Structure formats: C-alpha cells, structure tokens
Amino acid sequence: MQGPGPESWHPRPQFLFAKGAGPLFDIGPYYLTTLVQLLGPIAAVQAAGHRARHERVIGTGPDAGTRFPVEVDTHVSVLTRFRSGVVGTSVYSFDSAVRRQRFEITGEHGVLRVPVSGFNEPPSMLRAIKPDTGKPKHGRTGRGLDQCPARGRTAGPWRGRPGDGPCDPGRSTAPGQRAAGLPRA
C-alpha cells in the first residue's frame with residue numbers, strides 16, 4: 001500500500017501520524033491478514049522505516065492549512081518469511097507520489113495480481129511463457145508473461161468450463177502447489 005498520505009483528503013488526519021499509528025498500523029493488519037490467509041503462518045519478520053517529513057499540512061475540511069507533527073515512520077518496508085519458506089516483501093507508505101493498492105504474488109510460473117477491495121482493478125493472472133517455445137498462448141504482455149483469459153473464457157479443451165483450464169489457480173497447479181507456483185503453507 002503506497003500513496004501520498006491521508007492528510008490531503010482526511011479532514012482530521014493527525015491520529016494517523018501520532019505514536020502508535022502510521023501506515024503499518026493503519027492498513028498493515030489488513031494486508032498481513034490476507035498474506036497469512038494466502039501463504040500460511042509467519043515464521044519471521046524484519047522491517048525498516050523512514051519518516052520523510054516531520055510535519056504535515058491538513059488539505060481539506062475545517063482545519064485545512066493547519067500544520068501538525070508527524071511522530072511515526074511514514075514509510076515502512078517489511079520482509080516476511082512464512083513457515084512454508086515463501087518470502088514476502090511489503091511496502092506501507094504515506095510518502096509515495098504514486099498510489100499502489102494491490103497484492104502481487106510472484107512465483108516461478110507466473111504472477112497473481114489481486115486488487116484491494118474498493119479499487120476498480122480486476123484481478124489478473126499472468127503466466128510465464130514456456131522457455132522451450134517462447135510463444136504465449138494468450139495476450140502477450142511484452143515482459144515474458146502472457147495474460148490469462150478472464151475466468152470462464154479459457155481456451156482449448158477447457159473452453160466454456162468456467163474456472164477450469166491452465167490459468168485457473170485452483171485447478172491448474174500441481175498437487176501441493178498454490179497459484180503462480182507458490183508452495184502450499
């Protein structure tokens with residue numbers, strides 16, 4: 001989760017920058033809960049934080065223009081090791097000029113992109129192009145990956161069978177594997 005910070009749209013954002021708050025404590029629990037649901041229990045965590053500014057300005061509402069102190073790190077990078085051996089990297093930031101609100105799970109066979117609830121981006125799955133042919137079977141993304149078709153729009157012998165086919169994460173992975181080649185927790 002990255003963005004420019006809630007002081008631009010929240011009429012009283014001070015509590016989000018006070019001790020015990022910040023982006024990690026504001027939104028982190030939702031993301032970490034989802035990661036545990038997807039990848040299993042956490043074995044170890046490391047993190048590093050940074051505070052870009054020591055003061056922010058309220059951008060909207062009755063207190064617009066009011067300056068307030070920033071008491072916490074406003075950019076936190078987290079490295080999470082799951083019991084399964086999977087390693088996850090997360091960024092929680094109120095300091096980014098670009099909004100990024102999604103999960104992207106990368107494995108040796110592809111990428112699963114899952115948008116965060118409330119944002120208008122459909123989930124998508126990208127699959128690695130087979131190294132022996134170099135040819136995609138679906139829409140090429142230009143980065144060594146092809147875009148899997150939307151659910152229910154699979155090709156070949158799976159045509160017309162919603163949820164089946166090589167791009168369906170629940171059915172196309174080998175036993176003991178999760179979507180995009182990630183091991184089951």
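The values are calculated or read from the model by the stated rules, or taken from the named source; none is laboratory data. No experiment lies behind these values; they were computed from the predicted model shown. Reconstructed Cβ throughout: ideal geometry from the backbone, glycine too, with neighbour counts over all protein chains shown.
Being part of a loop (DSSP other than H, G, I, E, B) and of a type in the set (A, V, I, L, M) is the filter; apply it to the range 1-35 and report the residue that is nearest to His54 (Cα to Cα). Let's see the steps before the verdict.
As a first pass, look at the range 1-35 and keep what is part of a loop (DSSP other than H, G, I, E, B): 1, 3-5, 9-12, 18-22, 27.
Next, from what is left, pick out any that are of a type in the set (A, V, I, L, M): 1, 18, 21, 27.
On the way: Met1: 21, Ala18: 11, Ala21: 14, Ile27: 21 Å.
Only one residue tops the list, namely Ala18.
Hey, could you check the range 43-53 for residues that are in contact with a strand residue (DSSP E or B) (Cβ under 7 Å, 6 or more places away or on another chain) and surrounded by fewer than 15 Cβ atoms within 10 Å (Cβ to Cβ) and say which is nearest to His10 (Cα to Cα)? Give the derivation first.
Applying the first criterion (in contact with a strand residue (DSSP E or B) (Cβ under 7 Å, 6 or more places away or on another chain)) to the range 43-53 yields 43-50, 52.
Adding the requirement that they be surrounded by fewer than 15 Cβ atoms within 10 Å (Cβ to Cβ) leaves 43-48, 50, 52.
Numbers: Ala43: 35, Ala44: 34, Val45: 31, Gln46: 30, Ala47: 27, Ala48: 26, His50: 22, Ala52: 19 Å.
Here the residue is Ala52.
Of all residues in the range 62-90 being farther than 21 Å from Gly28 by Cβ and either of a type in the set (Val, Ile, Thr) or at pLDDT below 95 (or both), which is surrounded by the fewest Cβ atoms within 10 Å (Cβ to Cβ)? I'd like the intermediate steps shown before the answer.
From the range 62-90, those farther than 21 Å from Gly28 by Cβ are 62-69, 85; that's our starting set.
Narrowing the set further to residues that are either of a type in the set (Val, Ile, Thr) or at pLDDT below 95 (or both) leaves 66, 85.
Numbers: Thr66: 14, Gly85: 12.
Filtering the range 62-90 for residues that are farther than 21 Å from Gly28 by Cβ and either of a type in the set (Val, Ile, Thr) or at pLDDT below 95 (or both), the one surrounded by the fewest Cβ atoms within 10 Å (Cβ to Cβ) comes out as Gly85.
Quick check on my filter: what residues within the range 91-101 are surrounded by 15 or more Cβ atoms within 10 Å (Cβ to Cβ) and either without any contact (Cβ under 8 Å) to a residue 60 or more places away in the chain or charged (D, E, K, R) (or both)?
Within the range 91-101, just Asp95 meets the criteria.
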